[in-house]
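Data block below; observations after.
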Amino acid sequence: MRRYDLIFIVQPDLSDEETKAIADRYLQIIVAQKGIIIKTEDWGKRRLAYDIKKQSRGTYFLVDFYGPGAMIREIERNLKIDDNILKFITVKTRDPFNPETLEEERKKEQLLQESQIPPDEPESVVAQEATAEEIDLEKEGE
């Protein structure tokens, strides 16, 4: 079993329900091919670096999963057939992948997210406090 990242870009003019249905279709293919989904992220609509199929924007999705190598051929075959997919890329991130290390990774990610910003304070308050402290330090240095 290997670990993969799949990023695909969907047509921007589709409704939210249609884009979710497309993403769910590929998640079902992964599960049907005996793959295990680690995480999925909807990155939303973004501007493309260049026009693809006369589109300047697209809805991005990331799927992190692991499974057998033969599964990739089936996923990519379906992505090529689908007219609503503008672009896709599949990247092998680990070879071989040990599913037991997955729990350790999830714990580390959770700790990182918790340590970045306290949930009680919004980012703007933290930024204002930082600038106030910088002003105080500058006054003391003069």
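The values are calculated or read from the model by the stated rules, or taken from the named source; none is laboratory data. Since this is a predicted model, take the numbers as computed values, not measurements. Methodologically, a virtual Cβ is constructed for each residue, glycine included, from the backbone with ideal geometry; neighbour enumeration extends over all protein chains shown.
What the table below lists for this structure:
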{"quantity": "Residue list for the range 19-46, filter: among the hydrophobic types (A, V, I, L, M, F, W, C) and closer than 16 Å to R2 by Cβ", "calculated": "I30, I36, I37, I38"}
{"quantity": "Near pairs, Cβ below 6 angstrom, 6+ apart or cross-chain, from the range 87-110 (β-branched (V, I, T)) to any residue that is assigned to a helix (DSSP H, G or I) and surrounded by 11 or more Cβ atoms within 10 Å (Cβ to Cβ)", "calculated": "T90/I72"}
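So that you can scan it fast, the table gives a plain yes or no per residue for (1) modelled with pLDDT under 70; (2) surrounded by 10 or more Cβ atoms within 10 Å (Cβ to Cβ); (3) farther than 27 Å from I7 by Cβ:
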| site | (1), (2), (3) |
| --- | --- |
| T93 | no, yes, no |
| E100 | no, no, no |
| E103 | no, no, no |
| E109 | no, yes, no |
| E121 | yes, yes, yes |
| V126 | yes, yes, yes |
| E142 | yes, no, yes |
